[in-house]
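First up is the structure itself, then whatever we jot down about it.
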Amino acid sequence: QVQLVESGGGLVQAGGSLRLSCAASGTFFSIRIMGWYRQAPGKERELVADITRGGITNYVDSAKGRFTISRDNAKNTVYLQMNALKPEDTAVYYCNADILSRGYRWIDYWGQGTQVTVSS
């Protein structure tokens with residue numbers, strides 16, 4: 001069993017910061033790409049940022065310059081540092097990871113989501 005456990009969401013005023021964390025736990029062999037998605041009510045889920053095992057990053061345009069994704073491979077953990085938050089960033093944020101699990105199958109895992117609310 002593999003789980004992605006998220007933390008760090010909450011309520012913050014516009015201009016504030018939050019740091020999201022997501023740790024993979026359980027039985028698995030390796031993790032390829034890890035990322036963060038978000039979904040606001042009435043909107044489609046969108047990729048916010050992702051990062052390869054080697055540290056290559058990708059961001060949605062609206063996050064560039066404000067958000068930073070990073071990972072600690074030894075801890076099987078991905079982070080999302082969010083600065084200069086805007087009300088438009090309000091959403092449920094989901095951790096995602098491509099994981100080689102028991103049986104040598106690559107499986108796309110999702111966290112349960114953590115609420116980020118930015119007040120104006």
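Taking each pair of different alpha-carbon atoms in region 1-116 once, compute 1/r for the pair, average those values, and report the inverse of that mean as the Kirkwood hydrodynamic radius in Å to one decimal.
14.2 Å
Rg to Rh for region 63-120: what is it, with Cα atoms only and Rh by Kirkwood?
Taking Rg over the Kirkwood Rh, I get 1.07.
For the chain, what's the relative contact order in percent, using C-alpha pairs closer than 8 Å and at least 6 residues apart?
This gives 36 percent for the chain.
Give the accessible surface of region 48-120 per residue, rounded to a whole number of Å², with probe radius 1.4 Å and ligands, DNA and RNA excluded.
Solvent-accessible surface per residue comes out at 51 Å².
Carbon and sulfur together cover what percent of the accessible area of the chain at a 1.4 Å probe radius?
C and S fraction of accessible area: 48 percent.
Treating only the Cβ atoms of Lys and Arg (+1) and Asp and Glu (-1) as charged, compute the dipole magnitude of the chain about its Cα centre; round to the nearest 20 debye.
Value, rounded to 20: 240 debye.
Between ASP89, ASP61, ASP50, find the one with the highest GNM mean-square fluctuation for the chain; connect C-alpha pairs within less than 10 Å.
Residue with maximal mean-square fluctuation among ASP89, ASP61, ASP50: ASP61.
Pick from THR57, THR27, THR77: which is most flexible by mean-square fluctuation in a GNM of the chain where alpha carbon atoms under 10 Å apart are linked?
Greatest mean-square fluctuation among the candidates belongs to THR27.
Of ASN96, TRP106, ASN58, which is farthest towards the positive pole of the chain's charge dipole, taken about the Cα centre with +1 and -1 on the beta-carbons of Lys, Arg and Asp, Glu respectively?
The one lying farthest along the dipole's positive direction is TRP106.
For VAL60, put the label point 7 Å out on the Cα→Cβ axis and report which residues of region 18-50 keep their amide N under 13 Å from it.
Within reach of a label on VAL60: 36-50.
Taking R0 as 22 Å, what FRET efficiency do you get between THR117 and LYS43 from their Cβ-Cβ distance, rounded to the nearest 0.05?
Result of the calculation: an efficiency of 0.90.
The values are calculated or read from the model by the stated rules, or taken from the named source; none is laboratory data. None of the values given here were measured: they were computed from a predicted structure. Counting neighbours? That spans all protein chains shown, and the Cβs are built from the backbone with ideal geometry, glycine included. Protein only, heavy atoms only, side chains kept; ligands, DNA and RNA dropped before computing areas. Shrake-Rupley method; radii C 1.70, N 1.55, O 1.52, S 1.80 Å.
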